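> Let me begin by handing over the structure; questions about it come next.
Every number in this text was worked out from the coordinates using simple rules, so none of it is lab data. Every value quoted in this text rests on a predicted model; they were computed, and no experiment measured them. We place every Cβ from the backbone using ideal geometry, glycine too, and count neighbours over all the protein chains shown.
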Amino acid sequence: MDVAIEAVGSAKVMEACLDLLTRGGALVSVGLPHPDQMLNVQALPFAGTGKRLIGSYRGDADPARDIPAYIQLWRDGRLPVELLHTDTKPLAEINQGLDDLAEGLVVRRLFTF
């Protein structure tokens, strides 16, 4: 079974992902499409091939359970969150910062006032 994660927030991308799934595959949608967007897919593949569409809002997190687990993973060296912060820049450099993000030069950049 394969799993696809759609994080763009586009009904068209969701449709494309569903088309690419193999038998028994699942699409997890975490992106938030505009409220006016409609999903237009054939119904048969859901029953005929066992494909699944799963929505996940905010990761369906249970903070009381999940945060202690994430902290323990970090303490064990198995969740290196420090790699998610590339650098910090002044807010005056926001345009260059967004360009760098779009070009894939940074993972996460924080801005200070």
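> Between Asp99 and Ile5, what is the label-to-label distance in nm when each label sits 7 Å out along the Cα-to-Cβ direction?
With each label placed 7 Å out from Cα toward Cβ, I get 3.0 nm.
> With P(r) over Cα pairs in 10 Å bins from 0, in percent in mind, check (i) 13, 37, 21, 17, 10, 1; (ii) 13, 41, 29, 13, 4, 0; (iii) 12, 25, 31, 25, 6, 1 and report the label derived from this structure.
Structure-derived value, by its label: (iii).
> In region 93-113, which residues have a backbone nitrogen under 15 Å from the label point lying 7 Å from Leu83's Cα in the Cα-to-Cβ direction?
106-108
> Mind listing which GluC sites (Glu not before Pro) in region 25-113 are in a DSSP loop and have 16 or fewer other Cβ atoms within 10 Å?
Answer in residue order: Glu103.
> Counting other Cβ atoms within 10 Å of each Cβ, which trypsin sites (Lys or Arg not before Pro) in region 1-70 have at most 14 and sit in a DSSP loop?
Filter output for region 1-70: Arg23.
> Which net charge results when you count Lys and Arg as +1 and Asp and Glu as -1 among the other residues whose beta-carbon is under 14 Å from that of Leu21?
-1
> Once you have a ≥ b ≥ c as the square roots of the Cα gyration tensor eigenvalues for region 42-100, tell me rounded if a/c is under 1.5, and otherwise prolate or oblate according to whether a/b is larger than b/c.
The shape class here is oblate.
> Can you compute the helix-only [θ] at 222 nm over the chain? Use -39500 (n - 2.57) per DSSP H run of at least 4 residues, normalise by all residues, nearest 500 deg cm²/dmol.
Value at 222 nm, helices only: -9500 deg cm²/dmol.
> Considering amide H positions built from the backbone, and no H for Pro or chain starts, which residues 5 or more places from Ile5, or on another chain, come under 5 Å of its amide H?
Val28
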